[in-house]
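The values are calculated or read from the model by the stated rules, or taken from the named source; none is laboratory data. Quick caveat: nothing in here was measured; it's all calculated off a predicted structure. Because the Cβ atoms are built from the backbone with ideal geometry, glycine has one as well, and the counts that use them run over all protein chains shown.
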Amino acid sequence: MALEKITQVSGRGIFVPGADIDTDRIIPARFMKCVTFDGLGEFAFYDVRFDPTTGEKTEHPLNDDRFKGASILIAGVNFGCGSSREHAPQSLSKYGFKAVIAESFAEIFFGNSTTLGMPCVTLDAAAIATLRDAIEADPAVTITIDLVAKQVSSSAGHCFPLNIVESARDALVAGRWDPIGELLDHTPQIEATAARLHYV
Amino acid sequence: MGKSLYQKVWEAHAVGTLADGRTQLFIGTHLIHEVTSPQAFGMLRDLGLSVKFPARTFATIDHIVPTINQDAPADPLAAEMMQALRQNADDFGITYFDLASGKQGIVHVVGPEQGITQPGTTIACGDSHTATHGAFGAIAFGIGTTQVRDVLATQTMAMEPLKVRRIEVNGRLRPGVYAKDVTLHIIRKLGAKGGIGFAYEYAGEVFDAMSMEERMTVCNMAIEGGARCGYVNPDQKTCDYLKGRPYVDMSDWDATVARWLSFASDADAHYDDIVRIDAAEIEPTVTWGISPDHGIAVSECIPDPAAAATAGEKATIEEALAYMKLPAGTPIKGVRIDVAFIGSCTNGRLSDFRETARFLKGRKVAAGVKAIAVPGSQIVAIQCEQEGIDKIFEEAGFEWRGAGCSMCLAMNPDKLIGDQICASSSNRNFKGRQGSPTGRTILMSPVMVAAAAVMGAVADAREVFEIAEAAA
Ligand code: SF4
């Protein structure tokens, strides 16, 4: 299975404030009543984008026209914590996000995102604050995540070293972020392992 | 140097190393439910793949099941998900504990109940509370839907190894302090992201003394502390619990027991970190905010942002209190509640209802409080009903429901309305978790939920039910 080699992602950024943004916030559970992931994009951050009582749009950054079309989500610590639902990264990806930059990620969210080919990279708090201020001052600023040079740069002249789990970086850059092909290639070894285990 | 259980299980299940450096790990037991599996089966069909070891996947239905008239969801989307699981189980030859089986329930209740969950095994499920199964000395991971596909197609998945943190709790729990309090206390101490990159090994006198069901309550919330999995080493109690259950091979019991116990961590095992906690410091614990690490003892006051140590902490407290609409710096005890919920994969087992019924007997739920009790499985429901526990709950003013996830999350008719406050025995107090975007959750043990139901407000169960310190 030939997959795209994801070496660089560029786009305008949008900052979503707050620590520990959980998967229920990213995609409320009631929107998970579905048998495919199609159409999940429109429900991303639904309960914070729309006032629960009036249904009116809130002041959430995703409702701010200045950031319309932004494809790089910038967040704080422990982004994506909570449930293992792949509906969360799926909804972000279908909403139009190509990558997420945060101070840290919850592990299952991180793994799920990588498997979709949506890189999640971390920067320190100061770098995130700088990018936040830069896009706030000028939403047209382009942010580039370079997974080969391992840095995040911006058209406003910033450049920060990024962190990402090496196996995930390798998988993205080498175009093997969806591991199914490689897993299937090892069928003889899988069968040998199964034969060794008493309970299988 | 010896090995931890985590290391032993990992090594026994490692198929090989992938090009990106991750381990291809064999998943001996795969559990599925209706929410995270249909898309995986869809992917499987798109790729023209089949299920590699259909006998190693077990299905049940829990999230969307109504707890009144279980098999008749009024919601067409729920009915569609129900139908999809039936179809997928049939098409691929997977065992399905459906509503008619008498064995349906929350996946993390059903696995142990059936004896599918066993020591020294790897378990995966498209559900973050899969860590629950670690109570049996299994390494159990919550996974995403694409990984569900991988496990269906290959019985393996790509995985980065974890570090191991041993959390030792020694001493004796005080009366009125339960497994739920222990797990909330650990999360409070180590933080909601403290466990990132770790497997948690729960060890020490407190876990040794716990029943299997109590151990499940603790492991269930490992994920709330950021850990990918949590476990307790298998011992005689583990084996006794499993003996004779439907999926336990009884042909050579002694050999089975020996093999299971051999997975327990060696005395000189290597740990990447060790944390020690004194059981005596743990009090009945409740949450005040919107993250499971927002926990305090029931005797404490709601945090005050003015007293926060850092600007970040101040902002976090402010955000949480704005959502919870609770006054800073005042006692949590006495906060009025609207709803009381006992159930979920954390605290929806027989022992939870038994213990709560002991205190609830002869008491009444306060006027204006909606109280529901939801068994974690059909088997738990029947056991409770045989013991008359359902009657005790009903006489106290609780509604006694059918098995399912119910009010733990918002995928079935059981939901909070508006900004109702719920005293809940579940595991997550995230914004909107219980179905209303402004609904509020206070996590606590089932006995504490019962106390809150009786008082109509957050209360110390030790006072409400006169649970005295045992004479030393
Ligand atoms: S009871 Fe709650 S946490 Fe447990 S599986 Fe169901 S929804 Fe998830």
*Which residues, taken from the stretch B:16-42, are of a type in the set (Val, Ile, Thr), over 23 Å from B:HIS270 (Cα atoms) and more than 16 Å from the ligand (Cβ to nearest atom)?*
B:ILE27, B:THR29
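Identify all residues within the stretch B:425-446 that are within 14 Å of chain A (Cβ to nearest Cβ) and either assigned to a strand (DSSP E or B) or on the phi > 0 side of the Ramachandran plot (or both); write none if there are none. Steps first, answer last, please.
The first filter runs over the stretch B:425-446 and keeps only residues within 14 Å of chain A (Cβ to nearest Cβ), leaving B:426-441, B:443.
Result: B:GLY432, B:GLY435, B:ARG440, B:THR441, B:LEU443.
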*For B:ARG433: the one exception among (1) under 28 Å from B:GLU34 (Cα atoms); (2) more than 16 Å from the ligand (Cβ to nearest atom); (3) among the basic types (Lys, Arg)*: (2)
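If you check B:ALA59 against the conditions, is it touching a strand residue (DSSP E or B) at 6+ places or on another chain (Cβ under 8 Å), at pLDDT 95 or above and at negative phi? Give the derivation first.
Values: touching a strand residue (DSSP E or B) at 6+ places or on another chain (Cβ under 8 Å): yes; at pLDDT 95 or above: yes; at negative phi: yes.
Judged against the criteria, B:ALA59 is a match.
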*Any chance the stretch B:386-405 includes a residue that's in contact with a strand residue (DSSP E or B) (Cβ under 7 Å, 6 or more places away or on another chain), among the charged types (D, E, K, R), away from chain A (no Cβ under 14 Å) and buried (at least 18 other Cβ atoms within 10 Å of the Cβ)?*
yes
*Going by the structure shown, is A:VAL48 over 21 Å from B:MET411 (Cβ atoms), facing chain B (nearest Cβ under 9 Å) and at pLDDT below 95?*
no
*Does the stretch B:254-271 include one or more residues that are within 26 Å of A:ALA106 (Cα to Cα) and either among the acidic types (Asp, Glu) or more than 16 Å from the ligand (Cβ to nearest atom) (or both)?*
yes
*Filter the stretch B:407-424 for residues that are within 15 Å of the ligand (Cβ to nearest atom), under 12 Å from B:ALA340 (Cα atoms) and either out of contact with any strand residue (DSSP E or B) (no Cβ under 9 Å at 6 or more places or on another chain) or not in a loop (DSSP other than H, G, I, E, B) (or both) and give the result.*
B:MET407, B:CYS408, B:LYS415, B:CYS422, B:SER424
*How many of the residues in the stretch B:19-33 are crowded, with 24+ Cβ neighbours inside 10 Å, within 9 Å of another protein chain (Cβ to nearest Cβ) and part of a loop (DSSP other than H, G, I, E, B)?*
1
*So is B:GLU214 assigned to a helix (DSSP H, G or I), of a type outside the set (S, T, N, Q) and away from the ligand (no atom under 16 Å from the Cβ) or not?*
yes
*Could you please find all residues in the stretch B:45-80 being facing chain A (nearest Cβ under 10 Å) and within 28 Å of A:GLY181 (Cα to Cα)?*
B:LEU47, B:LEU49, B:LYS52, B:PHE53, B:ALA55, B:ARG56
_Take B:GLU469 and tell me if it is surrounded by fewer than 20 Cβ atoms within 10 Å (Cβ to Cβ), more than 15 Å from the ligand (Cβ to nearest atom), of a type outside the set (A, V, I, L, M, F, W, C) and not in a loop (DSSP other than H, G, I, E, B)._
no
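Residues checked against (1) closer than 29 Å to B:LYS163 by Cα; (2) crowded, with 21+ Cβ neighbours inside 10 Å; (3) of a type outside the set (D, E, K, R):
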{"site": "A:PHE45", "(1), (2), (3)": "no, yes, yes"}
{"site": "A:THR54", "(1), (2), (3)": "no, no, yes"}
{"site": "A:ASP65", "(1), (2), (3)": "no, no, no"}
{"site": "A:PRO89", "(1), (2), (3)": "yes, yes, yes"}
{"site": "A:ILE108", "(1), (2), (3)": "yes, yes, yes"}
{"site": "A:THR115", "(1), (2), (3)": "yes, yes, yes"}
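If a residue has to be over 19 Å from the mean Cα position of the chain (by Cα) and surrounded by fewer than 24 Cβ atoms within 10 Å (Cβ to Cβ) to count, how many in the stretch B:82-113 make the cut?
Residues of the stretch B:82-113 over 19 Å from the mean Cα position of the chain (by Cα): B:82-102.
Still in the list and also surrounded by fewer than 24 Cβ atoms within 10 Å (Cβ to Cβ): B:82-84, B:86-87, B:89-96, B:98-102.
Going through the stretch B:82-113 one residue at a time, the tally reaches 18.
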*In the stretch A:149-197, what residues are out of contact with any Leu (no Cβ under 9 Å at 6 or more places or on another chain), closer than 26 Å to A:MET118 by Cβ, more than 7 Å from every other protein chain (Cβ to nearest Cβ) and among the β-branched types (Val, Ile, Thr)?*
none
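Has the stretch B:140-160 got at least one residue that is of a type in the set (Phe, Trp, Tyr) and more than 11 Å from chain A (Cβ to nearest Cβ)?
Quick first cut of the stretch B:140-160, residues of a type in the set (Phe, Trp, Tyr) only: B:141.
When the remaining residues are screened for being more than 11 Å from chain A (Cβ to nearest Cβ), the result is none.
Checking the stretch B:140-160: not a single residue is of a type in the set (Phe, Trp, Tyr) and more than 11 Å from chain A (Cβ to nearest Cβ).
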_Residues of the stretch B:436-453 satisfying the condition of being in contact with a helix residue (DSSP H, G or I) (Cβ under 7 Å, 6 or more places away or on another chain) and within 15 Å of the ligand (Cβ to nearest atom)_ = B:LEU443, B:PRO446
*Limited to the stretch A:168-193, what total is found for residues that are surrounded by fewer than 19 Cβ atoms within 10 Å (Cβ to Cβ) and free of Cβ contacts under 8 Å to residues at least 40 places away in the same chain?*
9
*Spans of strands (runs of 3 or more DSSP E) in the stretch A:131-180 with at least 1 residues of a type in the set (Asp, Glu)*: A:142-146
